[in-house]
1. Being assigned by TED's automatic domain parsing to the domain that holds ARG107 and free of Cβ contacts under 8 Å to residues at least 24 places away in the same chain narrows it down to one of ASN32, ASN53, so name that one.
2. Looking for whichever is surrounded by 24 or more Cβ atoms within 10 Å (Cβ to Cβ) and under 13 Å from the mean Cα position of the chain (by Cα) here; the options are LEU68, LEU75. Which one fits?
3. Looking only at residues that are of a type outside the set (Ser, Thr, Tyr) and surrounded by fewer than 10 Cβ atoms within 10 Å (Cβ to Cβ) in region 135-173, which one is modelled with the lowest pLDDT?
4. Please list, ordered by residue number, the strands (runs of 3 or more DSSP E) wholly in region 68-128 having 2 or more residues that are under 22 Å from LEU162 (Cα atoms), more than 13 Å from the ligand (Cβ to nearest atom) and in contact with a helix residue (DSSP H, G or I) (Cβ under 7 Å, 6 or more places away or on another chain).
5. Hey, among ALA132, ALA123, which residue is modelled with pLDDT under 95, more than 16 Å from the chain's Cα centre (by Cα), surrounded by 20 or more Cβ atoms within 10 Å (Cβ to Cβ) and in the same structural domain as CYS27 (by TED's automatic domain parsing)?
Amino acid sequence: MEIKKLHLIYFSPSGSTEKIIKFMADCLKDKNLPIETHSLLTSESRKKKYKFNADELVIMGSMTAGKLFTLSDELFNCLEADNTPFIGFVTYGNGYYGIALNEMLERAEKSGFKVSALGAFIARHSMKASIAKGRPDPHDKEIMKDFITKAYEKIMSGDLTLHKLPKTNWSSWELGNQVIAYRETHRNEPYSLPRDCNKRLQRENHFR
Ligand SMILES: Cc1cc2nc3c(=O)[nH]c(=O)nc-3n(C[C@H](O)[C@H](O)[C@H](O)COP(=O)(O)O)c2cc1C
């Protein structure tokens, strides 16, 4: 398959997601693709329509708050694809990314993309700089490089399918389990949870 152009789309209020997507594009620089970048941070930018062809590749990155950020309807409503290969990733501050990847998959497919690879990466917490400080670090970057180069090669081989659905191994109440996992390793770090999450965790006595 031939790719004629690379589009980078990102929602990155504090800049980590933007840095990561540009790092990924840099990992593909030997492909010599023309690159167009689209930041969807401002409401103006989300009022435009962005159209993508089947011979272009879209990499999209978004920060998360347990889900895609509240503007995710706007993020995807302005994108119109025609079976365009799509590599998506989310960033999170070493807490939890919840349903964000499933949400990205669903919305990207609805906008006409062929979702070919999805990933989640830790970046410095934009609300509290001491959490996930220094991330992504060199090891994270190796993983990102591996992710983007393998995803690109897979697409080039003509395989646009997602091999596995986003999978977290958490049980039915995914969000709560991720929070618990976080607290097990970061017991002394302050962390504010969504309100109903807090209530449920307290009821189930997870905060002993
Ligand atoms: C309002 C808000 C809520 C967030 N909620 C979470 C969260 O629930 N879990 C988590 O791990 N990180 C959370 N984060 C951290 C961001 O997802 C993370 O720092 C992300 O990499 C920021 O990307 P950016 O620098 O591109 O804006 C939150 C950040 C903000 C601003």
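The values are calculated or read from the model by the stated rules, or taken from the named source; none is laboratory data. This structure is a prediction, so every number in the text was calculated from the model and none was measured. Neighbour counts run over all protein chains shown; Cβ positions are idealised from the backbone, glycine included.
1. ASN32
2. Every option except LEU68 fails the conditions.
3. Only one residue fits best here, namely ASN169.
4. By residue number, 84-92, 113-122.
5. ALA132
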